[in-house]
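Report on one structure; see the data block that follows.
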Amino acid sequence: MSKVNVVSAEIVPRLRLQLVASESISHGEIIVQGCEEEVQDHRTWRTLQVDESRHLRNEFLNFVDHSCSPNALLDVDKLALLAIRDIAAGEPVTFFYPGSEVELSQTFECQCGSSECLRSINGGFYLSLEQMRWTRDKGYCTAFMQRQFERLLGD
Ligand SMILES: [Zn+2]
């Protein structure tokens, strides 16, 4: 598990690691395939939420940044990160954290540069109803989070 060494980035704030496409990726393609052995029962700032009590920790997914204009989404049934649009070589792979996580272990101020940037980022349960609807309509949420939003929205 030599990749685990890169967690030193946590204690060297100026060193930042992110997942970047090394070649172009087509809409719908699997970017990272996770597996059941990587599913744990608790959230950390490195996991992706699968459902109420399951969280995926994968050595590559660790380094997928948030964006308010993302290009990827976790398929919670396949445990796979999929491209939700074409991604050019050299482009960072991103997903919309509130569309994946009920809450975040650490909130942060987003600087993604999107014209639709939400600025203050927490989990999906902290979105306004309008933002939940926007997330769902944009297709930025996992099937699990879509069910949560639709319950809260009453749709
Ligand atoms: Zn943003």
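Where a number appears in this text, it was derived from the coordinates with a stated rule and is not lab data. This is a predicted model, so every value here is computed, not measured. Cβ coordinates were reconstructed from backbone atoms using ideal geometry, including for glycine residues, and neighbour counts include every protein chain displayed.
List of remarks:
- Relative contact order %, region 66-155, counting alpha carbon pairs below 8 Å whose residues are six or more apart: 31
- Charged neighbours of ALA21, selected by a Cβ distance under 14 Å, balance to -4 (K, R count +1; D, E count -1).
- Helix 143-153 and the longest principal axis of the C-alpha atoms of the chain enclose an angle of approximately 30°.
- With respect to the chain, whose longest principal axis is taken over its alpha-carbon atoms, helix 129-138 is tilted by about 60°.
- Average Cα contact separation per residue, the chain, under 8 Å, 6 or more apart, as relative contact order %: 23
- Dipole of the chain [Lys/Arg +1, Asp/Glu -1 at C-beta], most positive-end residue of ILE30, LEU74, THR47: THR47
- Arranged from fewest to most other beta-carbon atoms within 10 Å of their beta carbon, GLU23, GLU29 become GLU23, GLU29.
- Estimated 222 nm signal from helices in the chain, with DSSP H stretches of n ≥ 4 weighted -39500 (n - 2.57), rounded to 500: -4000 deg cm²/dmol
- For region 121-126, putting each phi into the Karplus relation 6.51 cos²θ - 1.76 cosθ + 1.60 with θ = phi - 60° gives couplings of 10, 9, x, x, 6, 9 Hz, in residue order, rounded to whole numbers and with x for Gly and Pro.
- Dipole magnitude for the chain: computed about the Cα centre from +1 point charges on Lys and Arg Cβ and -1 point charges on Asp and Glu Cβ, it is near 340 debye.
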